[in-house]
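Contents: one structure, followed by commentary.
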Amino acid sequence: MKYKIFTYGCQMNIHDSEVIAGVLEKAGYEPSETLKDADVVVLNTCCIRENAERKVYGRIAQLKYFKQRNPNFTIAISGCMVQQPHVVEYISKKLPYVDILFSIKNVNKLPELIEECRRIDSITAALAGNSDLAENLEVKHTSSIKAWVPITYGCNNYCTYCVVPYVRGREVSRLPEDILREVKTLADEGFMEINLLGQNVNSYGKNLDKPFDFPELLRRINEIEGIERIRFITSHPKDLSDELVLAMKECEKVCEHIHLPVQSGSSRILKKMNRHYSREHYIELVNKLKDAIPNISITTDIIVGFPGETEEDFLDTLDLVKTIEFDSAFTFIYSKRIGTPAAQMEDQIDDEIKKERLKRLMELQDSITKRKNNELVGTVQEVLVEGESKNDAQKLSGRTRTNKLVNFVGPKELIGHLADVKITESHTWCLIGEAVN
Ligand code: SAM
Ligand code: SF4
């Protein structure tokens, strides 16, 4: 039996798909390159914005054709979309050829669910699941060099635009001993980079019985032999403490990069978003980070067209982008999400205005990214070499400690190692270079 997984959305979903693959392979399934050869297809979905959902519905429609040709072809859907009651109702009524809806918390039951759906002729749902993702599940890592390790699940922040707390549940921290054991095992298996995952890693430990916070977790992981680099996403500005800045500065394995979503440069909009920080507080945080770690790269997420955003608010965002000079930014058009407070707000912004603001923001950020990348031409950067470049098999590819993608000329033996690379050219999305020793 063969499986194929389609993953949508954030890094947490990408990691969840590694767990789905691990569970299926433990049960004897093999991966399939093509849809045509697959017996089971799993869609691991995202609902953060409307277009994420649209892509999933497009894929489900395509799968109908495979189901018609082979009634044993099994379609299973997991991820954030199926945690929304209106989506479950829609799929059950309108897309009855879907076989299984399952919560990622029930991923260990997936092989049984597949067996069961072959016996009964209706959608099998395993959506409830009060416990967290089980510990000690097999993970089929997509890289043998860098690994993703969740440290918290869910989110307690209820930003008014965001659906995550409703679909991922309340924030739960994994036990430090479980995380440290997992990282130690990964180090023993040869992984060099650890990426700690959570919707708000800075609040790690809040629900634990014994005091253990994120800076302490970083310090403990920093001691694990074999690990060369530590990264983490995502940091919420409201919980970024002085202790964390100090831990980042003092732990030599923690990379000089932070993804710190600002969302808006207007304090008025930040308040409406329920973000619990102001524009001034954010600038202060960035200054602290830059003082402690002078070459730190700072990346962010920004939403344009949040309800009530005036041209003045938007100009505040452009001004903040110029002030901070982010290394790069993910920029989004606000998308109305059912069940969130912002969806009920009256002053929704016209689509044309949203698109025009996004264009202006992207143009500004691209020019800053380009300029910052250009400053690196002529320098030598430490790159963790991950493999051949996707666009040019003659080149290798990897990332600097500041998380910039570098495609460079060098011997294949460098794959899986740290290499010194001289930067010779810069583009908006990557740097070009050559190995120097
Ligand atoms: N937990 C992280 C945080 O607080 O920054 C990231 C969560 S989310 C997966 C990634 C990004 O999607 C957010 O930072 C936000 O910019 C964006 N986002 C979330 N909801 C959105 C919405 N309704 N419309 C547009 N963008 C949204
Ligand atoms: Fe969504 Fe806010 Fe939680 Fe991030 S912190 S997942 S944006 S609610």
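The values are calculated or read from the model by the stated rules, or taken from the named source; none is laboratory data. Because the structure is predicted, anything quoted here is derived from the model rather than measured. No Cβ is skipped: glycine too gets one built from the backbone with ideal geometry, and neighbour counts run over all protein chains shown.
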- Enumeration of residues in the range 324-365 that are closer than 30 Å to ASP291 by Cβ, among the hydrophobic types (A, V, I, L, M, F, W, C) and part of a loop (DSSP other than H, G, I, E, B): PHE326
- Task: Check the range 11-30 and report whether any residue there is within 30 Å of ALA343 (Cα to Cα) and either of a type in the set (A, V, I, L, M) or in a loop (DSSP other than H, G, I, E, B) (or both).
- Result: yes
- Task: Taking the residues in the range 265-288 that are within 16 Å of ligand 1 (Cβ to nearest atom) and among the hydrophobic types (A, V, I, L, M, F, W, C) as candidates, determine which candidate is nearest to LEU240 (Cα to Cα).
- Result: LEU285
- Message: Are there helices (runs of 4 or more DSSP H) fully within the range 37-127 with at least 1 residues that are within 21 Å of LYS26 (Cβ to Cβ) and without any contact (Cβ under 8 Å) to a residue 60 or more places away in the chain? List them.
- Response: 110-119
- Item | Members of the range 156-179 found to be away from ligand 1 (no atom under 16 Å from the Cβ) and without any contact (Cβ under 8 Å) to a residue 12 or more places away in the chain, listed by number | GLU177
- Query: Within the set of pairs 6 or more residues apart or between chains, which connect a residue that is in contact (Cβ under 8 Å) with a residue 40 or more places away in the chain and at positive phi inside the range 338-355 to a residue that is assigned to a helix (DSSP H, G or I) and of a type outside the set (D, E, K, R) with Cβ atoms less than 8 Å apart?
  - Reply: GLY339/TYR166
- Query: If the Cβ limit is 9 Å and pairs must be 6+ apart or interchain, which residue in the range 1-21 that is closer than 16 Å to ILE48 by Cα pairs with which residue that is basic (Lys, Arg)?
  - Reply: TYR8/LYS55; TYR8/ARG59; MET12/ARG168
- Message: When you check THR234 against the structure, is it surrounded by fewer than 21 Cβ atoms within 10 Å (Cβ to Cβ), of a type in the set (Ser, Thr, Tyr) and without any contact (Cβ under 8 Å) to a residue 12 or more places away in the chain, yes or no?
- Response: no
- Query: Among the numbered criteria (1) surrounded by fewer than 16 Cβ atoms within 10 Å (Cβ to Cβ); (2) at pLDDT 95 or above, which single criterion is violated by ASP392?
  - Reply: (2)
- State yes or no: is TYR153 under 30 Å from PHE332 (Cβ atoms), within 16 Å of ligand 1 (Cβ to nearest atom) and either of a type in the set (Asp, Glu) or surrounded by fewer than 16 Cβ atoms within 10 Å (Cβ to Cβ) (or both)? no
